[in-house]
Amino acid sequence: MNLVLYVLRRLAISVPVLLIGTFLCFVMVANTGDPLGEIRSKPGTNLQAIADLEHKLGLDQSVFARYFTWLGHFLSGDWGISIAQGNALQPVAPKVMAAFKVTLELVLAASVLALFFGVLVGVLAAVKQYSLWDYLATTLAFLMFSMPIFCIAIVLKGYAIRLNGWVRQLGLADVLGDPWLRTTSPESLSATGVGDALAKYVGAFLLPTLSIMAITFAAYSRFQRASMLEVLSADYVRTARAKGVSNSRVIWRHAFRNALIPVMTLFSVNFGATVTGAIITETVFNWHGMGTLLVEAVNKNDPQVLMGWLVLIAVSVVVANLVADLLYGILDPRIRVG
Amino acid sequence: MADLNSLLASETATKDGTLPPEALPEPRSQGKLVLRKFLHHKLAMASTAVLVLIILLSILLPLFWKHSYEDSSFASFAKPSGEFPLGTTQVGKDMVSQILRGTQFSLLIALTVSILSTVVGVVLGALAGYLRRFTDSAVSRVTDLFLIIPQIAAAAILAKVFGSGSWYIVALVLASFGWMQIARITRAEAMSLSQREFVDAARASGAGTFRIIFKHLVPNMVGSITVNATLAVAQAVLAEAALSFIGLGVQLPDTSLGRVILENYAQLQTRPALFFGPFIVLVLISLTINFIGDGLRDAFDPRQRRMKA
């Protein structure tokens, strides 16, 4: 019950932040240029039709009036209309939601995998401090950290053909599908059976997920290593060793669980980085997610799509922060949520 | 070398109280101590050398280089040769001159972003951490506000608002969504420092808020500010490249490494030099800055005595 109250309170606190945030975004978006510029510049367009459209989009009102109209509509589920396709008006909500679903899958897969591998590599590097493995992990982390995501994506995409060739040579093409690794949007994944579906899913997601993982993986592994080293030198770990507890039990049962706590604070920080990674990776791999939608909406001055985009991302950042805090409370019994 | 090491050893010993007072080395300022530790950090020094080399090359080489970055009179996609070490681009421009100019702009933007976001972050964070109460909650809420939108999306939209992709516009918009981390760190540090006696003493002797913050608090945070400002340069190099890569950052006639990569990455398979040239320079810049930041962190950390490459 306490937990429910806590979640509700946290969400209530974020409401004003979201309201002010959306208003500032609205002002910003309203100044990106004339959304009807493209239509206006076409010769022979009916002036009355443009005026009607202007009225329909509320462009003939002040920013304040437009914001509150937009907010009212938005809260009742009407996210407005997209004008990206010229005169062919599309509702915003399904468009943004479809893109969000694509990106969410990518972001979740990349976050979970980056956390898992980052923590694993960090723990091993700490346990074997100053070993070859430690230096390798450190070098890898620094490289990943300094690498622009889009370059990883470009290289992976560029060499996908070669990788697929290897898959073929190993005789795995029959099992995994040919070509196995996809470099474009996986919208048409038709599979026969569970194994085939898994192979296709992995083939489609592997390269983009790897690209997004790179940066957060580096951050997690460095942080986990530092926190593990600190815990391993703590008195209670020495006590456990003195009692004769086995090495693996000391590491995983005593040290690891406590070393994991500070890493969780990174989760919410990294969420933004992961979303950014997804935006860029999608551009390289031609996925129709939030990234390509953002680029299109900015380039075409599509205000209501931009607003839908911003609100959805803002809400997911708030939710991700909340989830991170809840996990923090679960991992660390000293912090009681509520 | 030897006397430096012995000095260092004797200094450690003094802290332990094992040496007679007459053996006390001359007192050193924090700056000197930090500098000496940094100079002994092999990786950081090597990185500094590489970075300085890149900076000097990007500034000086264009003065002597045989081709101008504007000259597009060469053959399209000429193979790498003595004349064009990295080949030419699709429109017939020399790749080396493109990379040099891209490096200039990337560094310029990144430095500007780092300075602006550090100043804003430190001022806001120190005010919030020292004044507490209303200022703190106001600054914290504003920080939260700026954190709910990813930097790249906000910068893309803002760049559109300002209407031009000049390098300083890109730097401004990246900085306006890049100060939050430094503000948070500064706030936390100002909070803990303002509990210390020397702040009470300053206040008791009549120092005003402004004086306490900038004469007493900020000098005590110089370590974390320097480290974070350095790391912010590396982040800004990458953020600018990403923004320009999705086509929403720097626009012609200005350029940047991100833009150079955007224009040439399609050639990865057939003309790898066109992609790997700017890519390697970009990675080298951010990698060396990250290593320097790491070296600075070790140098400023009083607990860390052992020097490790």
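Listed here are the residues, each with its yes/no results for (1) in contact (Cβ under 8 Å) with a residue 12 or more places away in the chain; (2) within 14 Å of another protein chain (Cβ to nearest Cβ); (3) in a helix (DSSP H, G or I).
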position	(1), (2), (3)
B:82	no, no, no
B:90	yes, no, no
B:110	yes, yes, yes
B:113	yes, no, yes
B:121	yes, no, yes
B:125	yes, no, yes
B:149	yes, yes, no
B:152	yes, yes, yes
Here is a list of conditions, (1) modelled with pLDDT under 70; (2) closer than 27 Å to residue B:289 by Cβ, and residue A:184 meets all of them except one; can you say which number that is?
-> (2)
If we keep only residues of the stretch A:200-226 that are without any contact (Cβ under 8 Å) to a residue 60 or more places away in the chain and of a type outside the set (A, V, I, L, M, F, W, C), then the residue farthest from residue A:124 (Cα to Cα) is A:200
If you check every pair at least six apart or on different chains, which have Cβ atoms under 6 Å apart with a residue in the stretch B:31-55 that is within 13 Å of residue B:289 (Cβ to Cβ) and β-branched (Val, Ile, Thr) first and a residue that is at pLDDT 85 or above and surrounded by 15 or more Cβ atoms within 10 Å (Cβ to Cβ) second?
-> B:48/B:292; B:50/B:288
Matching residues, the stretch B:16-66, being assigned to a helix (DSSP H, G or I), of a type in the set (D, E, K, R) and either surrounded by 12 or more Cβ atoms within 10 Å (Cβ to Cβ) or modelled with pLDDT of 80 or more (or both) = B:32, B:36, B:37, B:42
When residue B:165 is evaluated against the numbered criteria (1) part of a helix (DSSP H, G or I); (2) more than 7 Å from chain A (Cβ to nearest Cβ); (3) in contact (Cβ under 8 Å) with a residue 24 or more places away in the chain, which criterion, by number, is the only one it fails?
-> (1)
Lone qualifier among A:331, A:294 - being buried (at least 20 other Cβ atoms within 10 Å of the Cβ) and either more than 10 Å from chain B (Cβ to nearest Cβ) or modelled with pLDDT of 85 or more (or both) = A:294
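Here's the yes/no breakdown for (1) touching a Pro at 6+ places or on another chain (Cβ under 8 Å); (2) modelled with pLDDT of 85 or more; (3) away from chain B (no Cβ under 11 Å); (4) surrounded by fewer than 21 Cβ atoms within 10 Å (Cβ to Cβ):
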| position | (1), (2), (3), (4) |
| --- | --- |
| A:133 | no, yes, yes, yes |
| A:136 | no, yes, yes, yes |
| A:157 | no, no, no, no |
| A:165 | no, no, yes, yes |
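Yes or no, residue by residue, for (1) buried (at least 24 other Cβ atoms within 10 Å of the Cβ); (2) acidic (Asp, Glu); (3) in a helix (DSSP H, G or I); (4) at the interface with chain B (Cβ under 9 Å from one of its Cβ atoms):
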site: A:276; (1), (2), (3), (4): no, no, yes, yes
site: A:282; (1), (2), (3), (4): yes, yes, yes, no
site: A:312; (1), (2), (3), (4): no, no, yes, no
site: A:324; (1), (2), (3), (4): no, no, yes, no
In the stretch A:297-308, residue nearest to the other protein chains (Cβ to nearest Cβ) [restricted to those that are in contact (Cβ under 8 Å) with a residue 60 or more places away in the chain and farther than 18 Å from residue A:98 by Cβ] | A:298
Among the helices (runs of 4 or more DSSP H) confined wholly to the stretch B:170-261, which include 2 or more residues that are closer than 17 Å to residue B:278 by Cα?
-> B:222-245
Could you tell me which of the residues B:229, B:266 is surrounded by fewer than 22 Cβ atoms within 10 Å (Cβ to Cβ), more than 8 Å from every other protein chain (Cβ to nearest Cβ) and more than 28 Å from residue B:122 (Cα to Cα)?
-> B:266
Among the residues of the stretch A:142-154 satisfying the criterion of being in contact with a Phe, Trp or Tyr (Cβ under 8 Å, 6 or more places away or on another chain) and among the hydrophobic types (A, V, I, L, M, F, W, C), which is surrounded by the fewest Cβ atoms within 10 Å (Cβ to Cβ)?
-> A:142
Scan B:97, B:137, B:106 and give me the residue that is in a helix (DSSP H, G or I), over 27 Å from residue B:293 (Cα atoms) and within 14 Å of chain A (Cβ to nearest Cβ).
-> B:137
Which numbered condition residue A:132 fails, given (1) farther than 23 Å from residue A:278 by Cβ; (2) touching a helix residue (DSSP H, G or I) at 6+ places or on another chain (Cβ under 6 Å) = (2)
Return the residue satisfying two criteria in turn: it lies in the stretch B:249-263 and is buried (at least 24 other Cβ atoms within 10 Å of the Cβ) and hydrophobic (A, V, I, L, M, F, W, C), and of such residues it is nearest to the other protein chains (Cβ to nearest Cβ).
-> B:261
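The values are calculated or read from the model by the stated rules, or taken from the named source; none is laboratory data. These figures come from a predicted structure and were not determined experimentally. Using ideal geometry, Cβ is built from the backbone for each residue, glycine included, and neighbour counts are taken over all protein chains shown.
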